[in-house]
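A short write-up of the structure that comes next.
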Amino acid sequence: MTAQILTLGLADTPTRDDLQNYLSRLARLGEAEVRLQTRGSALAVYGCTQAPLSIMDDSPVVLVMRAFPLSAAPTEPIDTVVEVRSLTDRLAREESGLTLALPDVTVAAAWTGVLPPVAGWEARGEIDAGSLAVVAAEGMARVAENVPADAGDPVVQKVRRAVWGSEIAPGIPAAAAFAAEGLGFLAGVDRLTLSGTRAWTRLSSRNGHVILRRGVGLMS
């Protein structure tokens, strides 16, 4: 029996190009997977730029999210986890089209097990976009300076955790600045709004959201 191929119609060519750019950035900077959720005629694309390495690791989960308009809502809501590269490859093959065929091979990733809520966020002020950009640039320079040329992955991870784990504001690690800058969320904006729930903190601009969950360890 042939598996059914799920397809989504993207709203227009700028949406398609925007999605391709977002996924390309995620492929370079984040984990290998994305979680896709449809909400009416919009597609929410979640990625992860930092996740705990083990159950003893209290580093925050750093998620990113953008929503993209669809030409129409799917008949049934879609919620799936696939590899980023599989989506970028499909978009590259269908460069002139607006139909996105979702990969029929799903994957598992610990960070995708718990996502932030859609509603219930409380306003918690603003944060300067320029300051986040400076933190991101300085952090990337520190990582480059402190990682030896022949360093193995444990050394690289240790340096990165030390650099991106420092707080730039109460409850907000430098890793949030890295995610916001790397995913293009700081472009053309002066400030990002802060909001939160009991477990989550969110930094938002018109370009996307960085969402933090602290001290959860490796989720299963």
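The values are calculated or read from the model by the stated rules, or taken from the named source; none is laboratory data. These numbers come from a predicted model, not from an experiment. Every residue, glycine as well, gets a Cβ built from its backbone with ideal geometry; the counts of neighbours run over all protein chains shown.
Of all the numbered requirements in (1) farther than 27 Å from Pro14 by Cα; (2) surrounded by 13 or more Cβ atoms within 10 Å (Cβ to Cβ); (3) modelled with pLDDT under 90, Thr112 misses one, and that requirement is (3). Across region 21-38, the qualifying residues are those that are part of a loop (DSSP other than H, G, I, E, B) and in contact with a Gly (Cβ under 8 Å, 6 or more places away or on another chain), and the one among them that is farthest from Asp104 (Cα to Cα) is Gly30. For region 115-134, filtering for residues that are exposed (fewer than 13 other Cβ atoms within 10 Å of the Cβ) and in contact with a Phe, Trp or Tyr (Cβ under 8 Å, 6 or more places away or on another chain) leaves 1.
Within region 84-113, track down each residue that is part of a loop (DSSP other than H, G, I, E, B) and either among the charged types (D, E, K, R) or not assigned by TED's automatic domain parsing to the domain that holds Ala73 (or both).
Going through region 84-113, the residues part of a loop (DSSP other than H, G, I, E, B) turn out to be 94-98, 102-109.
Within region 84-113, Glu94, Glu95, Asp104 qualify.
For the structure I just gave you, tell me whether Ala44 is free of Cβ contacts under 8 Å to residues at least 40 places away in the same chain and more than 13 Å from the chain's Cα centre (by Cα). In short, no.
Looking only at residues of region 139-165 that are exposed (fewer than 13 other Cβ atoms within 10 Å of the Cβ) and of a type outside the set (A, V, I, L, M), we find that the one that is modelled with the highest pLDDT is Glu145. The residues of region 142-182 that are touching a Phe, Trp or Tyr at 6+ places or on another chain (Cβ under 9 Å) and under 17 Å from Ile127 (Cα atoms), listed by number, are Pro173, Ala174, Ala175, Ala176, Ala177, Phe178, Ala179.
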